[in-house]
Amino acid sequence: MAGAGGGELKYELAQNAYVKLVLHALKHKTSAVNGVLLGRTSPKNENLVQIEDSVPLFHNHLGLLPPLEISLIMIEEYYSTRGLGIVGYFHANERFDDAELGNMSKNIADHISRYFPQAAVLLITRSLKLYRKGKIAALLCRFVSYASMAF
């Protein structure tokens, strides 16, 4: 994916952010979980998005819009004072063999990408079989809005 400066867009995921989102998924093994990725574009390289932190959101009832909107506003206000913004979305499905991003997740990621065009989507899978089959070569990737795609 081309970044703002024409180079390839890359993501750097900090250990703290990774640990939080994985623990959220492991704690709620039988539920779909989601959350947001927080970070900034690197001051030295505009094609590098540094993901510094993650905030787990829900582990059931992912489709409820009012709690999601309120959560996003509160997270944005709190972390903006620390120089961080919402730069992506993470999701883990409830089924072990499901490596697809559902419609609700796509809608949330689309909403985030309107405010941060380089938004990332991290799909967490819980099955090692999928790794062996090569179905998820890129778990963390740039989200491309369906509205911006030419068919």
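A few notes on this one:
- For the stretch 18-68, trypsin sites (Lys or Arg not before Pro) are listed when DSSP marks them as loop and at most 15 other Cβ atoms sit within 10 Å of their Cβ; the list is Lys29, Lys44.
- Residue-wise HN-Hα couplings along the stretch 81-98, as the Karplus relation 6.51 cos²θ - 1.76 cosθ + 1.60 with θ = phi - 60° gives them from phi, are 5, 9, x, 10, x, 6, 10, x, 9, 10, 8, 10, 6, 6, 8, 5, 9, 9 Hz; Gly and Pro carry x.
- Under a 5 Å amide H cut-off, with hydrogens placed 1.01 Å from N, Tyr11 pairs with Val49 among residues at least 5 apart or on other chains.
- Summarising the amide proton neighbourhood of Phe90: residues at separation of 5 or more, or on other chains, whose placed amide H is nearer than 5 Å comprise Gly35, Val36, Leu37, Leu122.
Laboratory data are not the source of any read-out in this text; all were calculated from the coordinates shown. Worth saying up front: this structure is predicted, and the values here are computed from it rather than measured. In this analysis, Cβ positions are derived from the backbone assuming ideal geometry, glycine residues included, and neighbour counts consider all displayed protein chains.
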